[in-house]
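See structure below.
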Amino acid sequence: MPKNLSLENISKLPNIKKEYKGMLKHIKNTLPAIKKTSSNFHKSHSQFMGVMLDVTAITPVRSIKHTLAEIEKTRSALEEAQLNLMENRILIKKHEKRLNSSELDDLQIEHLQLKILRLQVAENNIMNAVQGAIRKMSFFTTQYKSILKKIGKEDITEEEYEKEEVRYHIMTCLKQALNAARSRGGVIDEGNLIYLFDIGINSAQAQAEIYAYLEMENKLMKEGKEPTHEMTMQWLETCADKFSGEAKKFAERRGFKLYDEKSLNSKLLNNKEKRNGK
């Protein structure tokens with residue numbers, strides 16, 4: 001029984017044809033470089049995708065929320081991988097203990113050696129994924145600290161998260177509506193009209209804002225100037241300021257309180273500390 005699954009051992013299998021042995025030799029000569037390069041990709045996404053396409057929230061607190069979700073998801077995967085490694089090592093020890101038994105025949109010994117080898121291969125594959133996950137978690141930890149630094153905070157409270165939600169949804173809805181309108185002759189699509197209604201914004205007003213913005217872009221281009229992404233962001237922020245009170249009005253019309261301070265995590269923690277005399 002081979003102690004590993006090297007290409008050299010594979011080439012010794014009885015059913016491998018001569019031409020395939022040549023291919024295996026060719027692969028073997030390049031394999032160290034392949035393994036080294038492959039280690040760069042033992043993660044689900046690139047850093048670019050992580051920042052630009054995975055965490056797509058348009059406001060800082062929502063970006064922090066999504067970033068922390070990526071960290072939590074990766075942490076959970078690392079814990080699961082650690083448990084799998086621990087279980088693998090226990091099984092390897094059990095199989096190795098059985099190998100020392102004098103009651104085993106040659107075939108049983110060979111079968112146990114195969115089980116150990118299978119577990120060792122699985123452990124190596126798990127470790128590749130673990131290393132990629134650690135790099136991913138480190139990357140998103142850096143992003144978390146970077147966003148906090150940009151907004152001048154050391155931490156984010158649930159109160160700040162709840163209060164920014166209005167702004168996040170206005171900007172997200174109008175971002176989607178604007179992009180849909182670009183492909184529809186300036187007209188907002190049905191899905192985003194419903195979104196606007198649900199957050200208390202009159203769709204006719206939103207449509208007027210989009211018409212005006214698209215007209216401004218077209219004017220710039222006729223003058224030989226280039227509209228920028230930053231211009232769109234500033235327009236979205238202006239819209240968030242303009243429509244910031246509409247959600248509260250609509251919620252109250254339906255009998256809801258848009259914001260309940262006593263149900264926040266910070267208030268619950270403060271009350272607990274007071275009860276404990278802190």
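Each reported figure results from applying straightforward, stated rules to the coordinates on display, with no laboratory input. These figures come from a predicted structure and were not determined experimentally. Cβ placement follows ideal geometry from the backbone for every residue including glycine, while neighbour counts extend to all protein chains displayed.
For semi-axes √(5λ) of the Cα gyration tensor in Å, several values are listed as (i) 56, 30, 16; (ii) 41, 25, 15; (iii) 28, 22, 18; flag the one computed from this structure.
Answer by label: (i).
From the cross-link list Lys25/Lys136; Lys73/Lys93; Lys25/Lys93; Lys12/Lys115; Lys150/Lys249; Lys73/Lys145, which pairs have alpha carbons spaced over 27 Å apart?
Check vs 27 Å cut-off fails for Lys25/Lys136; Lys73/Lys93; Lys25/Lys93; Lys150/Lys249.
Which residues does the label zone of Lys35 cover in the stretch 115-135, counting backbone N under 12 Å from a point 7 Å along Cα→Cβ?
Of the residues in the stretch 115-135, 124-125 have backbone N under 12 Å from the label point off Lys35.
Take every Cα-Cα pair in the stretch 132-278 and report what % of them are more than 28 Å apart.
Summing the P(r) of the stretch 132-278 above 28 Å gives 42 percent of all pairs.
Please report the Cα spread of the stretch 73-171 along all three principal axes, rounded to whole Å, starting with the longest.
Largest to smallest, the principal-axis extents are 72, 23, 20 Å.
Taking K and R as +1 and D and E as -1, what net charge do the other residues with C-beta under 12 Å from the C-beta of Ala129 add up to?
With Lys, Arg at +1 and Asp, Glu at -1, the net is +1.
What does the charge add up to near Gly186, with Lys and Arg as +1, Asp and Glu as -1, over the other residues with Cβ less than 13 Å from its Cβ? Walk me through the numbers on the way to the answer.
Working: positive: Arg182, Arg184; negative: Asp189, Glu209, Glu215, Glu217.
Taking every other residue near Gly186 into account, the sum is -2.
Taking Cα pairs under 8 Å and at least six residues apart, what relative contact order does the chain come out at, in percent?
Across the chain, relative contact order equals 19 percent.
Mind ranking 87-93, 162-168, 193-199 by how tightly packed they are, going by the mean number of other C-beta atoms within 10 angstrom, highest first?
162-168, 193-199, 87-93
Order the peptides 94-105, 124-135, 19-30 from the highest to the lowest mean number of other Cβ atoms within 10 Å of their residues. Mind dumping the intermediate values first?
Working: 94-105: 10.8, 124-135: 14.9, 19-30: 12.4.
So the order, starting with the most tightly packed, is 124-135, 19-30, 94-105.
Select from Gln207, Ile58, Met127 the residue farthest towards the positive end of the dipole of the chain; place +1 on Cβ of Lys and Arg, -1 on Cβ of Asp and Glu, and compute about the Cα centre.
Toward the positive end, the furthest listed residue is Met127.
In the stretch 183-227, which GluC sites (Glu not before Pro) are in a loop and have at most 14 other Cβ atoms within 10 Å, using DSSP for the loop call?
Glu223
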